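Working notes, structure below.
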Ligand code: PLP
Ligand code: TYF
């Protein structure tokens, strides 16, 4: 039965890890995958997470099945983070949240549910986007197209192009939006532009799906929720996927959530019942540990403060690396202006390096990046940044 099975292509990002791990050069650097490393090149285990895990370990809780939608303490905490704890939508019962297996799992449950709800719709993702957006929605059975987003000339958003496209789409189209820290470009919309996107979704009858994978990595928890808040003030119905992989440094625990904003409480009950059906036939109910840790942190004033401080530390370190990279490229004799790196937000920079230059970084220096020229700033540190800057200088000359 397997004789004719073809080899599937590797994930363009996760596939880099295999090549990186096989590289024997001591000075190698992995700027490919979007993971936050500390200044020692290690994935941190946050103090707030450590404290919550210690308490859980001491309590030795039993491991029964969770509810299909996950723990209420977790789901409520997620809603507060996204919409603000005083949100009228939460008070009205207009928010359905389910605990999902990472941001990817949230997108998948959302995609499968949308396929039942709007089987004939087309999905639109930004050009460019996180490649898994396309793969996830195609595997749920949707045709996936793009809307204009990145403008290489300005290294910002082609907002006129984006808006014109959104305003041309048929009602019921599903629009995937990066809520903050756009992956891969680091170029985000302004507050005013978000309001225009809300208007376009309203006037065209589009279905917005916000992907929030980096809340807290641009300016902070509240500031980074601006897109979600613009939609929540609009009276529209929309979807939000959350990931805590990065913000809690809990990648492998697979902690995420899907939230759906409905028109009324009784609608929420019907929507939840359908989403639970999707979950039941996928994985039945979510694992306990990661969500329990995140909920314990978010629901304790002390641990929450500690987490926000640690998150700010990660955010500030990435910013320092941005500034330092620009300085060191200059010092290495690069004439091209790289100051755009400082303006980009989140973990990534779309450097403008060509596929050939990325290839040369790998071959000559053991530095791995995505072939589109995306690098992960959070993989730079005070020890490797000089080496990386000199290598980039060598390939752009
Ligand atoms: N959405 C975007 C834009 C991402 O960059 C990521 C990164 O991993 C995800 C979703 C998926 O999150 P998770 O790793 O929690 O599945
Ligand atoms: O874009 C990134 O690097 C992260 C991690 O299939 C990631 O979002 C990459 C690819 C993938 C899953 C996660």
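Residue 149 meets the conditions (1) closer than 17 Å to residue 123 by Cβ; (2) more than 19 Å from the chain's Cα centre (by Cα) in every case but one. The failed one is (2). Checked against (1) under 30 Å from residue 337 (Cβ atoms); (2) in contact (Cβ under 8 Å) with a residue 40 or more places away in the chain; (3) surrounded by 19 or more Cβ atoms within 10 Å (Cβ to Cβ); (4) more than 16 Å from the chain's Cα centre (by Cα), residue 157 meets all criteria but (2). Restricting attention to the range 277-290, the residues that are assigned to a helix (DSSP H, G or I), surrounded by fewer than 17 Cβ atoms within 10 Å (Cβ to Cβ) and touching a residue at least 24 places away in the same chain (Cβ under 8 Å) add up to 2. Restricting the first member to the range 168-190 and to residues that are at positive phi and in the same structural domain as residue 130 (by TED's automatic domain parsing), and the second to residues that are more than 15 Å from ligand 1 (Cβ to nearest atom) and at pLDDT 95 or above, the beta-carbon pairs closer than 6 Å and six or more apart or on different chains are 172/118; 172/121. Answer yes or no as to whether residue 151 is buried (at least 19 other Cβ atoms within 10 Å of the Cβ) and farther than 16 Å from residue 261 by Cα. Here the answer is no, as residue 151 does not meet what is asked. Scanning the range 361-379 for residues that are outside any loop (DSSP other than H, G, I, E, B), without any contact (Cβ under 8 Å) to a residue 60 or more places away in the chain and within 19 Å of residue 15 (Cβ to Cβ) turns up 361, 363.
Scanning the range 45-84 for residues that are closer than 28 Å to residue 234 by Cα, in contact (Cβ under 8 Å) with a residue 12 or more places away in the chain and part of a helix (DSSP H, G or I) returns 73, 74, 75, 76, 77, 78, 79, 80, 81, 82, 83. Under the condition of being buried (at least 16 other Cβ atoms within 10 Å of the Cβ) and either under 24 Å from residue 149 (Cα atoms) or out of contact with any strand residue (DSSP E or B) (no Cβ under 6 Å at 6 or more places or on another chain) (or both), the residues counted in the range 326-370 number 25.
Scan the range 13-37 for residues that are under 15 Å from residue 358 (Cβ atoms) and part of a loop (DSSP other than H, G, I, E, B) and the total you get is 6.
If you go through the range 200-224 and keep only what is closer than 17 Å to residue 190 by Cα, within 16 Å of ligand 1 (Cβ to nearest atom), touching a helix residue (DSSP H, G or I) at 6+ places or on another chain (Cβ under 8 Å) and touching a residue at least 40 places away in the same chain (Cβ under 8 Å), you end up with 211, 212, 214, 215, 216, 217, 218. The residues in the range 50-92 that are within 30 Å of residue 381 (Cβ to Cβ), touching a helix residue (DSSP H, G or I) at 6+ places or on another chain (Cβ under 9 Å) and not assigned by TED's automatic domain parsing to the domain that holds residue 248 can be counted, and the count is 3.
The values are calculated or read from the model by the stated rules, or taken from the named source; none is laboratory data. Just so we're clear, the structure is a prediction, and the values are computed from it rather than from any experiment. Note: ideal-geometry Cβ built from the backbone for every residue, glycine included; neighbour counts use all protein chains shown.
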